Ligand SMILES: [Zn+2]
Ligand SMILES: [Zn+2]
């Protein structure tokens, strides 16, 4: 919460010296210039430069990120900045904290309540104006091949959703919410107190901006009901175990005209009996015989698509060596090359050699007598 209070009180555009209409590029450029000028390394022992450097970094941390900037702008728009709390054009030198603001503190509490996620409407303060819906999280189990190739599937979850009877309006079928007459649909009232003016949630509509004369029976006017739903999700090829996929606007419904939250799908990928994954590469371990390792061989190697490929193992290949079969990993995608199949060969040691195998190996031992691979270890 304290970070958002800071948002409310600080004009990050002013800190970076850019207009509110600046593009992300312009913001980044302004930040880089200031950061270079104010960097502690360039101003040793200068405490005021260090403070400004921190302010500039904090400002860029928020408005340098398009997503956070949108939230910041929203906070400053929906908060009473228009009425003059250190906002652009407001009277300077007057500092208020949200503790002083009474109902407005509640307003901010409601605005930021969504960050807690999960829950839903219960305990939600009334009179909060447009509210973004909750961010939700759900898990999805994927087969190994589906994670590699990508798949379109659906996740099932029970969560708040727009009421199916009134489609989220909160008004009984056949009726519509009407704009609140007291606040003209704005949800807030401006109250002039001498030099300042305050915005207060409208008491007649509790900040909603609309009045529902005939509330929907299913949701009792909230516009929201808890029900199971199925959300279609397109899993891109090469998704990794533990990865979070964000489905924008598929989380909890917004209230009073606010946008829906996001749904985060956390993927867990099942293991494969033969293949492993290393980023966009697939891995496989293939046994070879000692003669194949010594003399070299063309061996057949399985691929995930089912069609085996031939791999040339050169003479004198040590156990544990890894070969690369180009392009047989995760398929190429926008911004990502195709992965490879990484084949690690492992010399198989027979645990129950036949009599003739045993004789042949004993013969090998005889001809290599007197030499040892451990010679250069000095033992
Ligand atoms: Zn309803
Ligand atoms: Zn009203």
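Only one of the numbered conditions (1) at pLDDT below 85; (2) surrounded by 16 or more Cβ atoms within 10 Å (Cβ to Cβ) is not met by residue 40, and that is (2).
Does residue 119 satisfy the criteria of being out of contact with any helix residue (DSSP H, G or I) (no Cβ under 6 Å at 6 or more places or on another chain), at pLDDT below 85 and surrounded by fewer than 17 Cβ atoms within 10 Å (Cβ to Cβ)? Break it down into steps so the answer makes sense when it comes.
Numbers: out of contact with any helix residue (DSSP H, G or I) (no Cβ under 6 Å at 6 or more places or on another chain): yes; at pLDDT below 85: yes; surrounded by fewer than 17 Cβ atoms within 10 Å (Cβ to Cβ): yes.
So residue 119 passes the test.
Residue 100 meets the conditions (1) within 30 Å of residue 233 (Cα to Cα); (2) out of contact with any helix residue (DSSP H, G or I) (no Cβ under 6 Å at 6 or more places or on another chain); (3) part of a helix (DSSP H, G or I); (4) at pLDDT below 50 in every case but one. The failed one is (1). For residue 147, the criteria (1) buried (at least 19 other Cβ atoms within 10 Å of the Cβ); (2) within 15 Å of residue 232 (Cα to Cα) hold in every case but one, which is (2).
All conditions but one from (1) away from ligand 1 (no atom under 15 Å from the Cβ); (2) under 35 Å from the mean Cα position of the chain (by Cα); (3) crowded, with 16+ Cβ neighbours inside 10 Å; (4) in contact (Cβ under 8 Å) with a residue 24 or more places away in the chain apply to residue 221; the one that does not is (1). Of all the residues in segment 193-216, those that are closer than 13 Å to residue 181 by Cα and within 35 Å of the chain's Cα centre (by Cα) number 5.
The number of residues in segment 228-248 being surrounded by 14 or more Cβ atoms within 10 Å (Cβ to Cβ) and either more than 20 Å from residue 339 (Cα to Cα) or within 16 Å of ligand 2 (Cβ to nearest atom) (or both) comes to 5.
Across segment 193-227, the number of residues qualifying as in contact with a strand residue (DSSP E or B) (Cβ under 9 Å, 6 or more places away or on another chain), within 16 Å of ligand 2 (Cβ to nearest atom) and under 29 Å from residue 77 (Cβ atoms) comes to 15. Counting the residues of segment 156-184 that are surrounded by fewer than 17 Cβ atoms within 10 Å (Cβ to Cβ) and either more than 30 Å from residue 233 (Cβ to Cβ) or within 16 Å of ligand 2 (Cβ to nearest atom) (or both) gives 9.
Applying the set (1) part of a strand (DSSP E or B); (2) under 30 Å from residue 143 (Cβ atoms); (3) within 16 Å of ligand 1 (Cβ to nearest atom) to residue 252 leaves exactly one unmet item: (1). Answer yes or no as to whether residue 311 is buried (at least 19 other Cβ atoms within 10 Å of the Cβ) and in contact with a strand residue (DSSP E or B) (Cβ under 8 Å, 6 or more places away or on another chain). So residue 311 fails the test.
The values are calculated or read from the model by the stated rules, or taken from the named source; none is laboratory data. Being a predicted model, the structure only gives us computed values, none of them experimental. Counting neighbours? That spans all protein chains shown, and the Cβs are built from the backbone with ideal geometry, glycine included.
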